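I have placed the structure first, in the form of structure tokens, so that the comments after it can refer back to it.
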Amino acid sequence: MTSAPRVTVAGAGVLGLSTALALADAGARVTVHDPGGPNASSVAAGMIAPAFEAVLDATARPHFDLLMAARDHWPWFAERAGIALDRSGAMAVGEADWLATLAAGFAALHLRPTEVGGDTARSLAPGLSEAVDRALLTREDWRVDAPAALAALVRAAEAAGVIFRPEPVRERGDADVLIVATGAHGRHLADLAPELAGLNPVKGHIVRVAAPSAGAVVRARSVYAAPGASMVFGATMEHGRADVAVDEQVAGPLLAAGLDLFPACRDAPVQVAAGVRAATADGLPMVGPAAAPGVLLAVGARRNGWLLAPLVARTITACVTGRDLGPHAARFDPARFSRTS
Ligand SMILES: Cc1cc2nc3c(=O)[nH]c(=O)nc-3n(C[C@H](O)[C@H](O)[C@H](O)COP(=O)(O)OP(=O)(O)OC[C@H]3O[C@@H](n4cnc5c(N)ncnc54)[C@H](O)[C@@H]3O)c2cc1C
């Protein structure tokens, strides 16, 4: 970088904030625009979960190596941003045939989860139901508290000189570079970058129970339970839905399944929320130059925006500064879709 470029970042979700912080650290003059309102990052469970995502989600499986590489950026990134990174791990509980299927999935990825008994599982996830008699534990998956981590990112970015503005972005304006990190809202900016028309919304309901908790994430067949400042039960995958209206009928089964796992949460106040993930056709985000000059994209992280954020930030920063893009940038390249269509 010969002189400090002026960078506008559209969107203050986890991708926009992480990218803004990395660019400010690299010497850019960064302004983040976001009109506020609900975003996917603030409702998310905050799991940094390459192992279980690859085992449970067929779309993520082919990208397991990339998800692990992204996770490995988290220790330095969390330290830089002042985010508490919980490495208690994650474990699956449920019927024997389901656990056997998962064990085979782990083995196919050359992962070796530990089989633990019910008492050990309860010591790893305090409050877990007495009905659980065995679990499959991996320490490969980590977790952050999403709302607290977003607040930490804002603080770190402000301290690094990033300016925040409430106006929505509609064009590049006088910035040298515009980073579009508008999540599922990106589709509305397709005039600016036609690539954004390829994003598909996936709505997710999630339930927060005001029961502070700690320990490992618990994955069951129909729900996960992520402990933290509140216990989080998630999440639905509602393809094609871009609204954040809460439907108690949809959230009810999540809550019931979560309370089966953690019965002691039964009397705690409950808050239901919904967010919209943005998904591309291959399940990986579009990160890098759009066809329009001076416009870069950081969108489409689907179920793994928190996991991928530090790697996305690193990739965008390399694009802006001309540094080494690293081994994963080609798989993020927005142009991959125009090459194949
Ligand atoms: C229920 C649920 C649970 C999830 N759990 C996890 C999890 O455990 N782990 C994980 O890794 N991921 C999880 N995800 C996925 C993750 O939340 C997303 O991938 C990630 O938050 C996307 O971040 P983002 O910054 O791209 O978008 P968002 O967080 O949606 O942020 C986009 C921002 O852009 C702003 N904006 C929109 N238009 C404009 C404009 N024109 N100008 C300026 N700003 C604009 C919006 O106001 C918004 O703040 C979950 C998602 C959901 C819905």
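Read-outs: derived from the displayed coordinates by stated rules, not from any lab. Everything quoted here is computed from the prediction, not taken from an experiment. Neighbour counts are summed over all protein chains in view; Cβ atoms, including those assigned to glycine, are modelled from backbone coordinates with ideal geometry.
For TRP98, TRP76, TRP306, TRP142, which order do you get if you count the other beta carbons within 10 Å of each Cβ and list the fewest first?
TRP76, TRP98, TRP142, TRP306
Looking at the square roots a ≥ b ≥ c of the eigenvalues of the Cα gyration tensor of segment 63-109, which shape do they give, rounded for a/c under 1.5, prolate if a/b is larger than b/c, or oblate? Walk me through the intermediate numbers first.
Values: a/c = 5.46, a/b = 1.97, b/c = 2.77.
Here segment 63-109 falls in the oblate category.
Cα centroid distance between segment 122-187 and segment 64-100, in Å?
With segment 122-187 and segment 64-100 each reduced to a Cα centre, they are spaced 14 Å.
For segment 59-207, what's the relative contact order in percent, using C-alpha pairs closer than 8 Å and at least 6 residues apart? Write out the running numbers ahead of the final one.
Working: 120 pairs, mean separation 33.0, N = 149.
Value for segment 59-207: 22 percent.
Using alpha-carbon pairs under 8 Å, 6+ residues apart, how would you state the relative contact order of the chain in percent?
Relative contact order, the chain: 24 percent.
May I ask for the net charge around LEU284, where only other residues with Cβ less than 10 Å from the Cβ of LEU284 are counted and Lys, Arg are +1 while Asp, Glu are -1?
Around LEU284, the surrounding residues sum to +1.
Set the Förster distance to 25 Å, then compute FRET efficiency between ASP97 and GLN249 from the Cβ-Cβ distance, nearest 0.05.
The computed FRET efficiency comes out at 0.30.
If one takes the longest principal axis of the Cα atoms in the chain, at what angle in degrees, from 0 to 90 and to the nearest 10, does the Cα axis of helix 305-321 lie?
Tilt of helix 305-321: around 20 degrees.
In nanometres, what is the gap between the two model label sites at ALA291 and ALA131, each 7 Å from Cα along Cα-to-Cβ?
5.4
By the scheme Lys and Arg +1, Asp and Glu -1, what is the net charge of all other residues having a beta-carbon under 14 Å from that of ALA149? If you can, show how the numbers build up before the last one.
Working: positive: ARG80, ARG143, ARG155; negative: GLU79, ASP86, ASP145.
Combined, the nearby Lys, Arg, Asp and Glu give 0.
Just to confirm the number: angle between the C-alpha axis of helix 146-159 and the first principal axis of the chain, 0 to 90 degrees, nearest 10?
Computed tilt is about 30 degrees.
For an R0 of 41 angstrom, estimate the FRET efficiency from the Cβ-Cβ distance between LEU109 and ARG80 and round to the nearest 0.05.
Result of the calculation: an efficiency of 0.90.
If neighbour count is taken as other Cβ atoms inside 10 Å, put THR8, THR59 in order from fewest to most.
Listed from fewest to most nearby Cβ atoms, that is THR59, THR8.
What longest range of the chain stays clear of loop-exposed GluC sites (Glu not before Pro) (DSSP non-H/G/I/E/B, at most 10 other C-beta within 10 angstrom)?
In short, 131-341.
List the trypsin sites (Lys or Arg not before Pro) within segment 147-191 that fall in a DSSP loop (any state other than H, G, I, E or B) and whose Cβ has at most 12 other Cβ atoms within 10 Å. The partial results should precede the final answer.
Working: sites: ARG155, ARG170, ARG172, ARG187; in loops: ARG170, ARG172.
Sites meeting the loop and neighbour criteria: ARG170.
Going by a ≥ b ≥ c, the root eigenvalues of the Cα gyration tensor, does the chain fall in the rounded group (a/c under 1.5), the prolate group (a/b larger than b/c) or the oblate group?
The shape class here is prolate.
Using Cα atoms only, what is the angle between the long axis of helix 14-25 and the major principal axis of the chain, expressed in degrees (0 to 90) to the nearest 10?
Helix 14-25 sits at roughly 50 degrees to that axis.
Net charge near GLY127, counting Lys/Arg +1 and Asp/Glu -1 over other residues with Cβ under 13 Å of its Cβ?
Here the charged neighbours net out to -1.
With an 8 Å cut-off on Cα pairs and a minimum separation of 6 or more residues, tell me the relative contact order of segment 214-292 in percent.
Result for segment 214-292 is 23 percent.
Along the Cα→Cβ direction, 7 angstrom out, place labels at ASP324 and ARG170. What is the inter-label distance in nm?
Roughly 4.3 nm, to one decimal.
For a label point 7 angstrom out from the Cα of SER3 toward its Cβ, which stretches of segment 272-300 have the backbone nitrogen within less than 20 Å?
294-295
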